[in-house]
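The values are calculated or read from the model by the stated rules, or taken from the named source; none is laboratory data. These numbers were taken from a predicted model, which means no experiment stands behind them. Every residue, glycine as well, gets a Cβ built from its backbone with ideal geometry; the counts of neighbours run over all protein chains shown. Ligands, DNA and RNA are stripped out before the accessible areas are found, and what is left, the full protein with its side chains, is counted by its heavy atoms. Shrake-Rupley method; radii C 1.70, N 1.55, O 1.52, S 1.80 Å.
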Amino acid sequence: MASKQILKECHLFDGLNGAALDRIADLAQTKEYDAGATIFSEGSPADDLFIVASGRVALQMQLRTALPQSSKRVTVDVVGPHDVFGWSAAIEHREHSLAAVCLEPVGALAIGGPKLRSLLKADQQIGYEVLSGLIKVVASRLDETRHVLISERMVSV
Amino acid sequence: MQTQTRATRVLLASEQPDVRQLLAGVVQREPGAFVVGQAENGVKAVALARSLRPDVVVVDSCLPHVVGLDSVPLSRIGGLDTATSISQELPAARVILLGNLSMAVYEKSGPGGDAQVRLYSQTAKIDLTVRLGELRRGTVTEGEVLFANLEVTERAPARHKAVEVAEKAAFVSGLAIMGGLGLMLTLILAQAGVLLALAGVAGLLVSLAVRTVAAMMSKAAPAEADYEVKGAKKSVKAA
């Protein structure tokens, strides 16, 4: 699938017109991953923002316990086609707080974080639309996390 | 002394009864393999794996971690964690995480469907299509979760020979009917052609006869039209 089409189907870029999508598509490259592949690890530099074109990706967090041998990775979310992950790369240069592991063969669009941030600063209209879309994505994730929390707390009481 | 082949004991984990039923059907078709337990969530799957110690564990990646309440939506993100936990606790077991399982079951499989499991593993460089019973002879590293997709191949139902013969006879009969109709059409057209030729001959004879009669009549009486014109010219001059 062409980069522009993948961007068009992602809610993060809902507010952008064709010309703006072209400018972001220029910063992106398509990538393919095998099932079981780790796209990025927890603590690695957040260089790219990813959009899933096909397949599903588990976002995992390391659960640290007092005993190192009993610490394990816990899946906190699973993202699928049209979803965004690694979105902290759009805001500032930092490390990934989660690991991304492919549950199936995955096709994704990787957008370079530094170039994207430069574009968002240089063109305020694009910057406003993308950051508005990002807030919606983050709010939606928070909502889902609340559901998980409630779901699992309800059965434990 | 004969070497005794131990049976392959399989544990299935999926929230969906249909998915578990399909997988149980796949296992049943494997010689020497049988299902020792089924779990509808991750917590139960890990508990059953501890107590039953299966050889093969097949986990749907869309697995809820725990049992939910009807009024609260379940998170179905527990498949990978369940597979990893079991793989760590039972390193000798083959733990298979099926990525597209629910989709394959609902979109492709039917009562007569056969299924194979395709295994992907980036670290072990594996991309194989195998049956569950063959997993014990696999070359994968112990303690590793295998990421797999379910490939469902359609299998045509068994047919009675008489049905096949009858279908062939019906086909040949159909051809005979079509040929017969073609011949009939040809004959009808041939008859029409004879009538058309006769009509043509009749028309030719009539036209010849008319022409002969007309020629005889024109010899007997000069053309009146010519005469009248001359007469008119004369009358103009006279005026």
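Couple of notes before you dig in:
- Estimated FRET transfer efficiency when R0 is 25 angstrom, pair B:D18-B:L52 (beta carbons, to 0.05): 0.65
- Largest GNM mean-square fluctuation among A:R146, A:R56, A:R73, using chain A with Cα springs under 10 Å: A:R146.
- Charge sum, other residues only, whose C-beta stays under 14 Å from A:S54's C-beta, Lys/Arg counted +1 and Asp/Glu -1: -3
- Total buried accessible area between B and A, probe 1.4 Å, nearest 100: 1900 Å².
- A:K31 - accessible surface, heavy atoms, 1.4 Å probe, Å² rounded to 10: 60 Å²
- Less than 5 angstrom separates the built amide H of B:R53 from none of the residues sequence-distant by 5 or more or on a different chain.
- Separation of region A:1-16 and region A:97-128, taken as the distance between their Cα centroids, equals 12 angstrom.
- Using C-alpha pairs below 8 Å separated by at least 6 residues, the relative contact order for region A:33-157 is 33 percent.
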